[in-house]
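All of the numbers you see were taken from the coordinates with simple rules; none came from a lab. This is a predicted model, so every value here is computed, not measured. Ideal geometry is used to build each Cβ from the backbone, glycine not excepted, and the neighbour counts take in all protein chains shown.
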Ligand SMILES: [Zn+2]
């Protein structure tokens, strides 16, 4: 919209805010009611339970199974243009500046410990007695005795079959029996001094990929056992039973294998090694890289407007990660799937009008899949006007999650975040009202879910998921990012469906669906309500500075003022991108034209 009108409108009509406080923002109440009734946290969670069964590594059979499941649901729900797009990945093809990583699959990964008799038998069998002396006779007798049945003397420590997370991604084939040595973190040369790691497995606290070039490349270790912990939060390292998802470096020349173990298991091993005990491990791995591809599931709800249906509002998630990967990120994918089901149903049954723009749903592998899609099929980035990206949106109380509506980078000013925040803040109020009094028009509570208030936060830009790719200057597409942080189970075997709250899924689905549907229809200046949402967003942004400008040195305050003025100009311009003003009123955004700069 024209910036002058926008500013005047926002100043004159600020008073409307109070009167409208309890009404749903931006959309007609009948649309909000239809969404609130139809969106189901249970349906979303049931889909999550299915996806969480698969170990969804890049290009793997587990990822493919999850992709097929999502595509099948989209077809059953009646979506249009359902497809699984394929982008070859072999370690040589580039998508933009990104070298594709070959697929990785595993069939087997077992780690056993041999007890002292088992270790002695193994030694006797592999270094047969050479002299008929006392020692040689003992060894021979041991080998021939029933005592040497390996089944009696090996104890399973980790099994890919039972818990695929135990085998680090990019592990290669192995069949090794050897001793374990503790090298601490394993990232410095000094960690290996005097440890005799050659031919042994090394126990490390760092990620396998961070140690493999030293441990295997330089010091000749036979393999890696890692007790790396999940991402750092207040709960980091507290739960001794967590097994973290581990990775080797995809392109390292020092191919090897790695097992991930819990802090509890590693602690016991370290204690025994400190007391001079010998630990003998037997590792069998059948796994490896192979040419494959990135798969991206997609579908649409076609738009109704002859001119605007070529433009798209996209819903995005990432479908990959370790099993169970319930919050990260089966939750985001089942929530956009629930948005797809709900909107398709309400639109096809005539409860809601078909939106002007097309709505697209995209289920890729995190970041790599989105980069492949936008580079290999540039028409996607041309059509997509805005994105609603969900990555971790279902964490219940157990996870300690805080729900964020995350703004975009300062380099890409946009009003779309303020749209999402308008809906999120309304859900905050409605859900608090219900929690506090037991009454409320829109509690947005799932029958099998929690009743706690949402308490979403409007947060400054953070990176780390596919929203980065869209908002990167290569594509410049604004992305609403809905995400939980922290989650004390992220990237571990305990990121399980049991921690997922259907109420939270329903609320995230509502905020996403309402924002996406609003943007898919926005084709005029957006009116008072959008102006109010933008002013409100601006005030929250300004309040988030760690101190008011008057307490800053002049130069800093001036820089901030210019920066804010530029950002505000960009926000107005971003509205124009959705709703071109009448001819003659269009002011192309150029910071040099902004008189306040
Ligand atoms: Zn994620």
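Table for the structure above
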item: Mean separation of Cα contacts under 8 Å, 6 or more apart, over the residue count of the range 112-243: relative contact order %; result: 17 percent
item: Contact order normalised by residue count of the range 18-156, Cα under 8 Å, 6+ apart, percent; result: 16 percent
item: Mean projection area, nm², convex hull over Cα of the range 436-532; result: 9.4 nm²
item: Sorted by Cβ density within 10 Å, fewest first, the residues 461, 573; result: 461, 573
item: For the range 452-499: rounded, prolate or oblate by the Cα gyration tensor [a/c cutoff 1.5]; result: oblate
item: Relative contact order (%) - the chain, alpha-carbon pairs under 8 angstrom, separation at least six; result: 20 percent
item: The chain: angle of helix 3-12 to the longest principal axis, Cα-based, in degrees nearest 10; result: 80 degrees
item: With Cα atoms, 0 to 90° folded angle of helix 41-51 axis to the chain main axis; result: 30 degrees
item: Among 230-241, 561-572, the order from most to least packed when residues are scored by Cβ within 10 Å on average; result: 561-572, 230-241
item: By average C-beta atoms within 10 angstrom, highest first, the peptides 327-334, 354-361; result: 327-334, 354-361
item: Cα→Cβ-extended label distance, 7 Å offset, between residue 135 and residue 402, nm; result: 6.4 nm
item: Tensor-based shape of the range 202-329 (alpha-carbon gyration tensor, a/c under 1.5 rounded, otherwise prolate or oblate); result: prolate
item: The chain: angle of helix 116-126 to the longest principal axis, Cα-based, in degrees nearest 10; result: 70 degrees
item: Label-to-label distance, nm, for residues given as residue 377 and residue 305 (7 Å Cα→Cβ offset); result: 2.4 nm
item: Share of Cα-Cα pairs in the chain lying beyond 43 Å, as whole percent; result: 31 percent
item: Three-way shape call for the range 311-376 based on the alpha-carbon gyration tensor, with the a/c threshold at 1.5; result: oblate
item: Rounded Å value of the spacing that divides the Cα centres of the range 161-212 and the range 384-436; result: 41 Å
item: Residue 348-residue 264 FRET efficiency (beta carbon distance; Förster radius 60 Å; 0.05 resolution); result: 0.70
item: CD proxy at 222 nm, helix term only [per DSSP H run n ≥ 4: -39500 (n - 2.57); per residue of the chain; nearest 500]; result: -11000 deg cm²/dmol
